[in-house]
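*Asks:* Next up is a structure, given as structure tokens.
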Amino acid sequence: MKKKFKFSNDQDISTKYINFFKIKKYTLRDKIRDYYDKILRRPLYRLIYNNFFKNQNYDIDLVLPAKGFSTLARRKKLNNIKKIENKEILNIGCGNAFDYHLWFKFKPKKIVGVDVLNYNYSWKQVKKFIKQEKIGTKIEFYKKDFTNFKYKKKFDFIVSDAVFEHCKDFSKVIKLCSKLLKKDGILYSSYGGPMWLTYSGDHFSGRDNQNNGFNHLLLNKNDYENYFDKNVGTLDYELNEGGGGGVLVQDDLFSKLNGNEYMDIFKKNNFVPIKTYAEFCPVGYMLISKNKRLKKRLLKKNPLIHEENYYLKTHIIYLKKK
């Protein structure tokens, strides 16, 4: 695949369309949605989707068909497991850090954000916000590949959203997490959105047509490259509207693991599950259920892969270090 996007890791790729100062407030609509999810949707899903995934070798506490567990709700769950106030957090793959206003609600002592790419403009916005709002949390940002990250102190929490699915050497990442986390520390992560084997697992396939959502698994190399060239956007589009899909595909930034493989790696590095939530992809599930030809092609291509892996979209996990 020819390099379509040429930019260095030093180029600032901060998002252009979000202002940290304008997203600091949690709206009434968000609060109503969280309340609705808590009292109705999640209890209902617990009944409807009990034992939905039967071929995973780990316990799943709750299955969700789509986002019924907001970012703030996930933070609250973490705080219920272990109090965040006055604790130190390592954030892997912090990106623009535009969810930090939610962390500040729990008054951590320090947040250390690490990302391989340059989001300097966004990081300055966050630091400016802290100063203006007189937030007590200390902030540090490092532009660095996490596998080469070193720090003198260990952390109470390691947190990460939408990053683990892009770690080529995931085992090395989790081994380093184990070294950097205090004993009895908590590792929180949401990853997938989607995982590699499910619908649009390359964060790209299906953007033109739902029926092409498994192209990353089904097409040969040449046909996939032609599909990519036909549907990829500009660098500005891919970074700010396309979810980074084109850039991720170009550099093959995927762990390509299934749910069992992720959990096995956690276990090998002395992490014990506290809570595990799974989201399935409604579109992927619908295609597998109704499109017999597509299902047959997938199963023939990967005879050792159980069909449920094609719609297991996301893990939301809380793990404790032994």
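The values are calculated or read from the model by the stated rules, or taken from the named source; none is laboratory data. Remember, predicted model here, so these are calculated numbers, not experimental data. In this analysis, Cβ positions are derived from the backbone assuming ideal geometry, glycine residues included, and neighbour counts consider all displayed protein chains. All accessible areas refer to the heavy atoms of the entire protein, side chains included, with ligands and DNA or RNA removed. Shrake-Rupley method; radii C 1.70, N 1.55, O 1.52, S 1.80 Å.
*Asks:* Please work out how much length the chain gains when fully extended from Phe149 to Lys322, using 0.36 nm per residue of separation minus the C-alpha to C-alpha distance, in nm with one decimal.
*Replies:* Extra length from Phe149 to Lys322 when fully extended: 60.1 nm.
*Asks:* Would you work out the relative contact order for segment 188-267, in percent, from Cα pairs under 8 angstrom that are 6 or more residues apart?
*Replies:* Details: 73 pairs, mean separation 24.0, N = 80.
RCO, segment 188-267: 30 percent.
*Asks:* A follow-up question, please. For an R0 of 35 angstrom, estimate the FRET efficiency from the Cβ-Cβ distance between Asn302 and Thr27 and round to the nearest 0.05.
*Replies:* Working: r = 43 Å, r/R0 = 1.22.
The value I calculate is 0.25.
*Asks:* Where does segment 89-222 land on the Kirkwood hydrodynamic radius, alpha-carbon pairs, in angstrom?
*Replies:* Working: mean 1/r = 0.0604 Å⁻¹.
So the Kirkwood estimate lands at 16.6 Å.
*Asks:* Arrange the residues Arg33, Arg46 by how much accessible surface each exposes, largest first, with a 1.4 angstrom probe.
*Replies:* Numbers: Arg33 95, Arg46 125 Å².
Result, largest first: Arg46, Arg33.
*Asks:* Given Cα pairs under 8 Å that are at least 6 residues apart, what percent is the relative contact order of segment 212-307?
*Replies:* Dividing the mean separation by the residue count of segment 212-307 yields 21 percent.
*Asks:* With log10 I(q)/I(0) by the Debye sum over Cα atoms at q = 0.07, 0.09, 0.11 Å⁻¹ defined as stated, name the option among [x] -0.29, -0.48, -0.74; [y] -0.40, -0.61, -0.83; [z] -0.25, -0.42, -0.64 computed from the structure displayed.
*Replies:* Calculated log10 I(q)/I(0) by the Debye sum over Cα atoms at q = 0.07, 0.09, 0.11 Å⁻¹: the matching label is [x].
*Asks:* So which of Lys131/Lys275; Lys77/Lys154; Lys110/Lys321 end up more than 30 Å apart by C-alpha?
*Replies:* Violating the 30 Å limit, Cα to Cα: Lys131/Lys275.
*Asks:* Using the beta-carbon distance between Lys54 and Lys183 and R0 = 41 Å, what value does 1/(1 + (r/R0)^6) give for FRET efficiency, to the nearest 0.05?
*Replies:* E between Lys54 and Lys183, to the nearest 0.05, is 0.75.
*Asks:* Here is a further query. For Tyr151, Tyr35, Tyr237, give the ranking by accessible area with the largest first, probe 1.4 Å.
*Replies:* Tyr35, Tyr237, Tyr151
*Asks:* Something else about it: With the full set of protein chains in place, find how many percent of the accessible area of the chain is carbon and sulfur; take the probe as 1.4 Å.
*Replies:* 49
*Asks:* Grab the Cα-Cα distance for Gln210 and Lys172, subtract it from 0.36 nm times how many residues apart they are, and report the gain in nm with one decimal.
*Replies:* 10.2 nm
*Asks:* Rank by packing, highest mean first: peptides 108-114, 219-225, with packing defined as the count of other Cβ atoms within 10 Å averaged across residues.
*Replies:* Those peptides, ordered most packed to least, come out 108-114, 219-225.
*Asks:* Please report the relative contact order for the chain, taking Cα pairs under 8 Å with a sequence separation of at least 6, and give it as a percent rounded to a whole number. Provide the component values of the computation, followed by the final result.
*Replies:* Numbers: 525 pairs, mean separation 66.8, N = 322.
Once divided by the residue count of the chain, the mean separation gives 21 percent.
*Asks:* If you don't mind, there's one more thing I want to ask. With respect to the cross-link table entries Lys25/Lys152; Lys138/Lys320; Lys134/Lys168; Lys16/Lys134, which display a Cα-Cα separation exceeding 28 Å?
*Replies:* Lys25/Lys152; Lys134/Lys168
*Asks:* Further question: Which loop-located GluC sites (Glu not before Pro) does segment 75-143 contain, where loop means any DSSP state but H, G, I, E or B and the Cβ has at most 13 other Cβ atoms within 10 Å?
*Replies:* On the way: sites: Glu85, Glu88, Glu133, Glu140; in loops: Glu85.
Answer by residue number: Glu85.
*Asks:* Next question, about the same structure. Identify the chymotrypsin sites (Phe, Trp or Tyr not before Pro) of segment 49-113 meeting these criteria: DSSP loop state and at most 16 other C-beta atoms within 10 Å of the C-beta.
*Replies:* Working: sites: Tyr49, Phe52, Phe53, Tyr58, Phe69, Phe98, Tyr100, Trp103, Phe104, Phe106; in loops: Tyr49, Phe52, Phe53, Tyr58, Phe69, Phe98, Phe106.
Sites meeting the loop and neighbour criteria: Tyr49.
*Asks:* Can I ask one more? Leaving ligands and nucleic acids out of the surface, order Thr314, Thr234 by accessible area at 1.4 Å, largest first.
*Replies:* Solvent-accessible surface, decreasing: Thr234, Thr314.
*Asks:* Dipole magnitude of the chain about its Cα centre, charges +1 at Lys/Arg Cβ and -1 at Asp/Glu Cβ only, in debye to the nearest 20?
*Replies:* 1260
*Asks:* Ignoring everything except DSSP H segments at least 4 long, calculate the 222 nm mean residue ellipticity for the chain; use -39,500 (n - 2.57) per segment, divide by total residues, nearest 500.
*Replies:* -10000 deg cm²/dmol
*Asks:* Can you give the FRET efficiency for Tyr142 and Ile18, using 1/(1 + (r/R0)^6), R0 = 25 Å, r = Cβ-Cβ distance, to the nearest 0.05?
*Replies:* 0.70
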